[in-house]
Amino acid sequence: MTTPIATPSRRAFLAGSAVLASALVVPLHRALSSVPAAQLAANGYLAVLPDGAVSLALPKTEMGQGIMTALTMLVAEELGLAPSAVKVSIPPADRARFAPIDTTTGGSTSIRELWKPLRQAAANARAALVDAAARQWKVMPDGLTLADGAVLNPATGKRLGFAALVADAAAHVPTDATPTPRSAWKVIGKDTRRLDSADKVRGTAQFGIDVKVPGMKIATLAQSPVFGGKLAGHNAAAAKAVPGVADVIALDDCLFVTADSLWTAKKGLEAAAPTWNEGANAGLDQAQVVAALDAAVAKPGVTAKAEGDLAQARAGAAKTVEALYHQPFLAHATMEPGNCTAHVTPQGVQVWTGTQVPSDCRAAAARVLGLGEDKVQVHNFLMGGGFGRRLETDMVERTVSLAAKVPYPVKLVWTREEDIQHDMVRPAYADRISASLDQAGKVTAWEHRIAGSAVMARFLGDKFNGVDDDAVDGAIAPLYPAKARLVTFKQVESAVPTGWWRGVGGLRNTFVIESFADELALAAGQDPLAWRLAQITDPRARAVLQKAAAEAGWGKAMPKGEGLGLAVLHIWDTCLAAVAHVKVDAQKQILVPQVTVAVDCGPAINPLGVKAQIEGGVTFALSAALYGGVTLEKGRIAQSNYNDVRPLRMNEAPRVITHVMPTDNAPGGMGEPPAAVIAPAVANALFAATGKRVRQVPLQAGFEAA
């Protein structure tokens, strides 16, 4: 039976410490040793409880990517269990407890960070149980196996359940047991259904927006539509006249209404009719943003990568190609809109939410309320989509600011319009890129100038050195060798708040570089696949590129108005290539009936999960590639809902064919790579189909304007 992901309170955790004191407990902190229950607050843990059940507390959070299933499979492999037999919990936020493991879920890091320590912890637990059984039977541990919650002796047919072994095993936990070798894997590498799917289908899974607290009121808010604007006035009496409205709370730049339901809070907010002092940004529009970016890439920015003599490498080149690419602001538009629940009392504050950064949220709540972090408890839940939006703490900050002014618990819910128009959007960027080719089409000189918002600058403060490492990810070490290379970054900020969007730098740089690679192949008079294979020396990238191209039928004759385009990357420790099949209909509508993908992500712990990530990533990214982008008009985001932040329709979703490559490489990430290759593959296929080169996203609007 599938066990729902649990989110225990701190009280429940402490109450369970007596049970854990008599359990076999192995920490995830480098999986070096067992620890007494009194020290568990310093680390995540894997535990075999006195009743034989297996419990796993993890620092990572589920937002639809299947990470809880994949990580549970690592434990199940070592302990001879079905993954569904492992009870997984998302503990309350506590950075120190998991250090040095990062409690952030993002950047395709969960498997990469936990692959070794989690397998090691489970292997140590397995060895302790086997040794305990061997001592009871007075036999050598060699040859003993684990299955279905017990240690088995195949030679005698004897069986000892975990419950009978826990006490002895807990006193003899090794630190360096050898994890199960690949040749003996029975769980890892096998298609496994998501452990949380059934609860989501039944509606019993708990997301942040589902939280209910006794005595709770529901609130919504209006923030200044113009970035930087202030609240000028509102009609509190009219709002309170709406039956069910409890309170109207005004801050400098926003207005809250609390009520007995979200609908009532919305009606109260409408009645309050807030007005705004729009401020200095009221005249800002998208054209000004783009003009500033274009001006920034007219000259090199701060050096991110420099090698070789660029002028010398350009001298005598057979051809030089240059292009300017544009990418827009992008909203996350997660299915679950912004929400958070908080209750401030004299003892501290309790927070309930779904977040990618629980420890950061704890620190943010403490900062806003002027409390020590020991007075803040953050309960983390499932997320209905993250994509980087829930790497931010603004939802928690807004909620605790409100909760501090009312005597009851309050759940703050953003409307869809408020969520999109006050998103921390992906930055808009301009890229000017040029390359020189010799007579054989080989790259001699490569210059890539990048301009856009520096998300990292917001976090680094005075330590920011002028180069956003995330914004140049994938650009400083592309797959294409050159005798000389210069990559620069120029920070260009606007009034629009920016954040991460399913891999900012690696994603947007792949669009530029892989689109430009096709332009270089054309300049060299070579087939795009052949040109890439002549340049790329990375064996993993070559392998996925050749596989995807072969499976898609690269080189076959295509009907008029149809074309194939490809893109390849090696980022996030994963190599992935995609071939997009594009059709353009009589109304100039871009259609993508099929995408063929080949991936080398190291050992695919759950191949079914890898395929799901690719299918989801392709669909998510194709929506953005064809139709995405939010624009600035009069200092505010013009778009507001799914009617103008347009996702793919069901009939537009492509068939996605995935080939997971066998590999001995270390695990790579799967959250970002599938999303990164789609825009360039489609843009290249569009050129193959129509002869029109589109250097801007969204591609549909760019194609119509070309």
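Does at least one position in the range 170-177 carry a residue that is touching a Gly at 6+ places or on another chain (Cβ under 7 Å) and either of a type in the set (D, E, K, R) or crowded, with 17+ Cβ neighbours inside 10 Å (or both)? Spell out how you get there, then give the answer.
Step one: of the range 170-177, the residues touching a Gly at 6+ places or on another chain (Cβ under 7 Å) are none.
No, there is no match, as no residue in the range 170-177 is touching a Gly at 6+ places or on another chain (Cβ under 7 Å) and either of a type in the set (D, E, K, R) or crowded, with 17+ Cβ neighbours inside 10 Å (or both).
Scanning the range 358-380 for residues that are surrounded by fewer than 24 Cβ atoms within 10 Å (Cβ to Cβ) and either charged (D, E, K, R) or outside any helix (DSSP H, G or I) (or both) returns Asp360, Arg367, Gly370, Leu371, Gly372, Glu373, Asp374, Lys375, Gln377, His379.
Mind checking which residues of the range 314-350 are among the aliphatic types (A, V, I, L, M), crowded, with 22+ Cβ neighbours inside 10 Å, touching a strand residue (DSSP E or B) at 6+ places or on another chain (Cβ under 7 Å) and not in a loop (DSSP other than H, G, I, E, B)? Please lay out each step first, then the result.
In the first step, residues of the range 314-350 are kept if they are among the aliphatic types (A, V, I, L, M); the result is 315, 317-318, 321, 323-324, 330-331, 333, 335, 342, 344, 349.
Then drop every residue that is not crowded, with 22+ Cβ neighbours inside 10 Å, which leaves 330-331, 333, 342, 344, 349.
Checking the rest, the ones that are also touching a strand residue (DSSP E or B) at 6+ places or on another chain (Cβ under 7 Å) come to 330-331, 342, 349.
Answer for the range 314-350, where residues must be among the aliphatic types (A, V, I, L, M), crowded, with 22+ Cβ neighbours inside 10 Å, touching a strand residue (DSSP E or B) at 6+ places or on another chain (Cβ under 7 Å) and not in a loop (DSSP other than H, G, I, E, B): Leu330, Ala342, Val349.
Pairing each residue of the range 186-197 that is under 17 Å from Leu79 (Cα atoms) with any residue that is part of a loop (DSSP other than H, G, I, E, B), provided the two are 6+ apart or on different chains, yields C-beta distances under 6 Å for Ile188/Ile605; Thr192/Asn606.
Restricting Thr355, Thr275 to those that are β-branched (Val, Ile, Thr), under 30 Å from Arg646 (Cα atoms), in contact with a Cys (Cβ under 9 Å, 6 or more places away or on another chain) and touching a residue at least 24 places away in the same chain (Cβ under 8 Å) reduces the list to Thr355.
Scanning the range 97-111 for residues that are surrounded by fewer than 24 Cβ atoms within 10 Å (Cβ to Cβ) and of a type in the set (A, V, I, L, M) yields a count of 2. Identify, please: which residue in the range 57-72 is in a helix (DSSP H, G or I) and of a type outside the set (Gly, Ala, Ser) and is, among those, nearest to Pro92 (Cα to Cα)? By that ranking, first place goes to Met68. In the set (1) touching a Pro at 6+ places or on another chain (Cβ under 9 Å); (2) under 29 Å from Ile614 (Cα atoms); (3) not β-branched (Val, Ile, Thr), Met63 fails one condition alone, (1).
If I filter the range 301-311 for residues that are in the same structural domain as Thr631 (by TED's automatic domain parsing), part of a helix (DSSP H, G or I) and farther than 30 Å from Val213 by Cα, do I get at least one hit? Looking through the range 301-311, at least one residue is in the same structural domain as Thr631 (by TED's automatic domain parsing), part of a helix (DSSP H, G or I) and farther than 30 Å from Val213 by Cα.
The helices (runs of 4 or more DSSP H) found wholly in the range 613-706 and carrying at least 3 residues that are surrounded by fewer than 24 Cβ atoms within 10 Å (Cβ to Cβ) occupy 678-690, 699-705.
Within the range 452-508, the set of residues being of a type in the set (Lys, Arg), more than 21 Å from the chain's Cα centre (by Cα) and within 18 Å of Leu330 (Cβ to Cβ) is empty.
Looking at the range 126-168 only, could you name the residues that are in contact with a Ser or Thr (Cβ under 9 Å, 6 or more places away or on another chain) and touching a residue at least 12 places away in the same chain (Cβ under 8 Å)?
If we filter the range 126-168 for residues that are in contact with a Ser or Thr (Cβ under 9 Å, 6 or more places away or on another chain), which is where we start, we get 126-128, 130, 137, 139, 151-154, 166-167.
Those that are in contact with a Ser or Thr (Cβ under 9 Å, 6 or more places away or on another chain) and touching a residue at least 12 places away in the same chain (Cβ under 8 Å): Arg126, Ala127, Ala128, Val130, Trp137, Val139, Val151, Asn153, Val166, Ala167.
Apart from one condition, Phe459 fits all of (1) in contact (Cβ under 8 Å) with a residue 12 or more places away in the chain; (2) hydrophobic (A, V, I, L, M, F, W, C); (3) at negative phi; (4) not in a strand (DSSP E or B); the exception is (1). Residue by residue through the range 430-466, note down the ones that are touching a strand residue (DSSP E or B) at 6+ places or on another chain (Cβ under 7 Å) and basic (Lys, Arg). The answer is Arg432, Arg449.
The values are calculated or read from the model by the stated rules, or taken from the named source; none is laboratory data. No experiment lies behind these values; they were computed from the predicted model shown. Cβ: placed from backbone, ideal geometry, glycine included. Neighbour counts: every protein chain shown.
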